[in-house]
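Before any comments, here is the structure.
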Amino acid sequence: MSQEEIIVPKGWELKKLGDPDVSEIIMGQSPPSSTYNTEQNGLPFFQGKKDFGDKFPTTRTWCNKPKKIAKKGDILISVRAPVGSTNWAKEECCIGRGLSAIRVKIEPEYVYYFIKSLEYKLSKSGTGSVFNSISKDFLFQIQIQVPDTSTQKQIVAKLDHILGELKVKKKEILSLIEQNKERIDFFEKNWMSYVIDREIEQHPQRNEWVETSLGETFDDFNQKWLPSTKNEIVNYIGLENIESNTGKLVNFTPTESSKIKSSKTIFTKNEVLYGKLRPYLNKVHLPEFDGMCSTDILSLTPKSNIDRQFLAYFLRSQLVLSHVNKSVHGTKMPRTKIQVLQ
């Protein structure tokens with residue numbers, strides 16, 4: 001956002017956001033937590049982006065002894081991670097240290113849209129190792145192209161019109177998605193089988209392929225890990241760490257072995273992990289490291305002639321899912337068995 005990166009049209013001025021004739025910048029300051037309440041005592045209190053809505057923040061907390069106040073019509077900008085997001089102050093409110101209020105002296109909507117246009121750059125401009133943040137001086141130095149008032153209003157009107165059209169299109173698209181929800185759900189569940197069937201049909205060497213059972217594509221070793229007094233950092237994966245249908249690893253962090261009190265299944269990065277508890281959740285994961293997993297997860301080792309990713313995709317297919325779901329046992333905690341896959 002340096003000056004050499006900014007084009008200034010003829011007749012426009014290049015100013016700084018903090019220039020007295022452009023805006024006043026008020027940095028937030030968090031009052032003592034003892035002054036917070038949910039009984040609507042005092043001013044609405046906003047701490048950061050988590051309070052922001054599409055255009056206006058949502059009031060969840062009030063403060064009866066505010067330190068920094070934004071006025072109605074001020075632009076609120078997040079200055080702590082994630083930085084750069086904006087909202088309007090719809091009323092007088094208290095702002096914490098995660099926000100700054102920009103009290104605009106020129107056309108407010110023009111400045112609002114200008115800052116919106118910089119939101120991505122601002123989000124990449126924070127400093128600090130724990131909480132990214134931007135300072136008052138940083139906001140002050142932001143350069144803004146300022147045309148005459150009439151041109152500012154014309155630009156705002158044009159942007160309002162474009163955003164209005166986008167909202168209408170978005171509403172139409174969401175309506176189409178809702179109307180076709182059953183078709184979309186069907187496609188999401190069956191696209192893999194469709195692609196596999198098409199590839200089989202079109203493959204030039206399909207007549208040379210060999211049909212075999214699923215059990216012939218993998219080995220089931222499932223070595224056990226037993227708790228011990230030895231404490232070390234281990235890669236433990238539970239069913240909750242595997243995302244349904246995609247197999248992505250979520251909310252995973254290595255853990256201390258001393259915290260694991262029951263036996264687990266050992267796996268390597270060459271295997272495929274298959275969730276046998278509640279198999280309808282369709283949890284199949286390709287680990288990228290060695291570790292251990294819940295005993296409610298099967299560790300399958302692909303045969304030498306079987307591609308690991310292909311096996312994982314096939315295990316996630318509607319064909320396998322339907323087959324396994326027909327054979328589960330248990331009502332509250334339904335499980336399948338390795339024999340079902342074989």
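The values are calculated or read from the model by the stated rules, or taken from the named source; none is laboratory data. As the structure is a computational prediction, the values presented were derived from the model and not from experiment. With ideal geometry, Cβ positions are generated from the backbone for all residues, glycine too; neighbour counts draw on all protein chains shown.
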Please verify whether Gly18 is closer than 16 Å to Ile134 by Cβ, in a loop (DSSP other than H, G, I, E, B) and touching a residue at least 60 places away in the same chain (Cβ under 8 Å), treating the condition exactly as stated. yes
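Matching residues to (1) in contact with an Asp or Glu (Cβ under 7 Å, 6 or more places away or on another chain); (2) surrounded by 10 or more Cβ atoms within 10 Å (Cβ to Cβ); (3) modelled with pLDDT under 95; (4) closer than 22 Å to Val320 by Cβ:
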{"residue": "Ala157", "(1), (2), (3), (4)": "no, yes, no, no"}
{"residue": "Lys167", "(1), (2), (3), (4)": "no, yes, yes, no"}
{"residue": "Arg206", "(1), (2), (3), (4)": "no, yes, yes, yes"}
{"residue": "Trp209", "(1), (2), (3), (4)": "no, no, yes, yes"}
{"residue": "Ser213", "(1), (2), (3), (4)": "no, no, yes, yes"}
{"residue": "Asp220", "(1), (2), (3), (4)": "no, yes, yes, yes"}
{"residue": "Lys224", "(1), (2), (3), (4)": "no, yes, yes, no"}
{"residue": "Lys230", "(1), (2), (3), (4)": "no, no, yes, no"}
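To keep it simple, each residue is scored yes or no on (1) in contact with a Cys (Cβ under 6 Å, 6 or more places away or on another chain); (2) in the same structural domain as Leu300 (by TED's automatic domain parsing); (3) under 26 Å from Lys303 (Cα atoms).
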site: Gln152; (1), (2), (3): no, no, no
site: Leu214; (1), (2), (3): no, yes, yes
site: Thr217; (1), (2), (3): no, yes, yes
site: Glu243; (1), (2), (3): no, yes, yes
site: Val250; (1), (2), (3): no, yes, no
site: Thr255; (1), (2), (3): no, yes, no
Filtered residue count, the range 49-90, keeping only those that are in a helix (DSSP H, G or I) and surrounded by 19 or more Cβ atoms within 10 Å (Cβ to Cβ): 2
Restricting attention to the range 294-342, the residues that are at pLDDT 85 or above, among the small types (Gly, Ala, Ser) and under 26 Å from Asp185 (Cβ atoms) number exactly 1
Scan the range 171-184 and tell me whether some residue there is in contact (Cβ under 8 Å) with a residue 40 or more places away in the chain, under 28 Å from the mean Cα position of the chain (by Cα), surrounded by 10 or more Cβ atoms within 10 Å (Cβ to Cβ) and part of a helix (DSSP H, G or I). no
